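Heads up, the thing below is written out as structure tokens.
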Amino acid sequence: MGIRKMDWNEWIEMDSNFVRYHDAKVKQLEKNMDGHVAYVDNEVTRLACFEVYEELTQYLTHRYPEMFTLKDGIVRNSVTKEEFPYPAATPKEAMATAAKLIQDDIALMVLNDGNCTRMNHERQRLMVLQTANTISMLAQFAFQDSGA
């Protein structure tokens, strides 16, 4: 995984596969929400879950106003006809809803603490990498396309 500067106008791209990916995600979430949406329960991570939903909502309603609208505390997707409460009531709801809004997978990574000595920084970096490899991210939506 690489970190690079991003053109804000190209953060999330919607294409002709959105509905297929969306429908597969919703099906997987209905089968096993806890298997796909998980986070370490601490204040920083809970706030990050809410923030990703809020940022996506703001971005999508401005970038794709014909598809996404936010009015009276409801995010509406005109393509899927879904409506979601905004803001979300729980971190899990925030991540699941964010996952339903886009076709990409979402994974958030948060440092454990602000102590950034070289050794601690390396430990944290390794912890994040190990966490990513074991699919127990601090907050994640992991979607495996089963060809549905």
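Bear in mind these aren't lab numbers, they're just calculated from the coordinates by the rules spelled out. Every value quoted in this text rests on a predicted model; they were computed, and no experiment measured them. Here the Cβ positions follow ideal geometry from the backbone for every residue, glycine too, while neighbour counts run over all protein chains shown.
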* Structure fact -> Note on segment 50-90: alpha-carbon gyration tensor, axes a ≥ b ≥ c; rule is a/c under 1.5 for rounded, else prolate if a/b larger than b/c, else oblate; result oblate
* Asked: So who's got an amide H within less than 5 Å of the one on E82, skipping anything under 5 residues away but keeping other chains? H placed 1.01 Å off N, in plane.
  -> N77
* Structure fact -> Mean projected area, convex hull of alpha-carbon positions in segment 1-44, reported to one decimal in nm², is 5.4
* Asked: Distance in nm between label sites at E82 and V44, each 7 Å beyond Cα in the beta-carbon direction?
  -> 2.9
* Which value in nm describes the separation of the simple spin-label points at T69 and E51, placed 7 Å from the Cα toward the beta carbon? -> 3.1
* So which lysines can K27 reach, going by Cα to Cα under 27 Å and dropping same-chain residues fewer than 8 places off? -> K71, K81, K92, K100
* Pull up all non-local amide H partners of I106: gap of 5 or more, or a different chain, and H-to-H distance under 5 Å with H placed in the peptide plane. => F141
